[in-house]
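Every number here is computed from the coordinates shown, using simple stated rules; none is lab data. This is a predicted model, so every value here is computed, not measured. Note that each Cβ is placed from the backbone with ideal geometry, even for glycine, and that neighbours are counted across all protein chains shown.
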Amino acid sequence: MERTLIILKPDAVARRLTGEILTRFEKKGLKLIAAKFMTISKELAEKHYDVHKGKPFFESVVGYLSSGPSMVIVLESANVISMTRKMMGATFGYTAEPGTIRGDFGCSRGYNLVHGSDSPESAAYEIPLYFKPEELVEWEFSDSGWLYGRD
Ligand code: IDP
Ligand code: MG
């Protein structure tokens with residue numbers, strides 16, 4: 001089963017959109033297996049965005065991610081990475097399609113509400129930055145037949 005790291009970034013928390021965004025993932029049928037409300041340190045934000053080190057926006061995105069509390073979650077489902085990336089929308093609110101999280105709730109370039117792993121390799125790097133293996137909770141939906149049935 002595929003897993004992804006999602007962060008409801010400091011602007012999502014500050015703008016009181018965490019419930020709204022979590023609801024979208026829940027209604028889609030994605031399984032929440034871990035959650036942490038925390039202020040991400042500058043050091044952790046630098047590790048998180050290591051792939052962008054050296055790019056012009058690196059310092060700014062590290063400052064953004066560590067600027068206030070975030071809600072960090074792990075979601076699990078077959079194909080969860082491609083589904084959540086589509087649900088998030090394009091990187092900047094002003095180009096993201098309506099109907100997506102970024103497209104519906106933001107217009108900013110710098111502040112885009114949500115992070116989601118973009119590949120299984122990224123998820124495998126990112127999840128352990130925030131969660132110990134025992135913090136990932138294994139459980140089953142009682143209605144998984146309805147959610148995932150009929151292949
Ligand atoms: P993604 O979040 O859609 O995967 P990435 O290209 O991986 O986008 O960039 C990581 C984060 O860095 C973005 O979510 C955004 O917060 C920030 N970012 C990316 N490009 C820019 C930029 O040109 N200006 C300001 N911030 C940027
Ligand atoms: Mg990315």
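For the reader, a short list of remarks on this structure follows.
- Once the Cβ-Cβ distance of Arg150 and Thr23 is raised to the sixth power relative to R0 = 41 Å, the FRET efficiency obtained is 0.95.
- Sorted by Cβ density within 10 Å, fewest first, the residues Leu17, Leu30, Leu147: Leu147, Leu17, Leu30
- When only the Cβ of Lys, Arg, Asp and Glu is charged (+1, +1, -1, -1), the dipole of the chain relative to its Cα centre reaches about 500 debye.
- With the charge dipole of the chain set up from +1 on Lys and Arg Cβ and -1 on Asp and Glu Cβ about the Cα centre, the Cα lying farthest toward the positive end among the listed residues Leu136, Asn79, Gly89 is that of Gly89.
- Between Leu32 and Lys55, the C-beta separation translates, for a Förster distance of 30 Å, into a calculated FRET efficiency of about 0.45.
- Sequence of Thr84, Thr4 once ranked by neighbouring C-beta atoms within 10 Å, starting from the fewest: Thr84, Thr4
- Using alpha-carbon coordinates, inclination of helix 18-28 to the longest axis of the chain, degrees: 40 degrees
- Per-residue ellipticity at 222 nm from helix content only, as computed over the chain with -39500 (n - 2.57) for each DSSP H run of at least four residues, stands at -10500 deg cm²/dmol.
- Student exercise, segment 112-151 dipole from Lys, Arg, Asp, Glu Cβ charges, in Debye to nearest 20: 80 debye
- Protection proxy ranking of 122-129, 70-77, by the mean of other Cβ atoms within 10 Å over each peptide's residues and highest first, is 70-77, 122-129.
- Segment 17-151 shape via C-alpha gyration tensor axes, a/c threshold 1.5: oblate
- In this simple spin-label model, placing a label point 7 Å from the Cα along the Cα-to-Cβ direction at both Leu129 and Arg16 gives a separation of 3.0 nm.
- Sites listed here are trypsin sites (Lys or Arg not before Pro) in segment 90-151 whose DSSP assignment is loop and whose Cβ has at most 12 other Cβ atoms within 10 Å: Arg109, Arg150.
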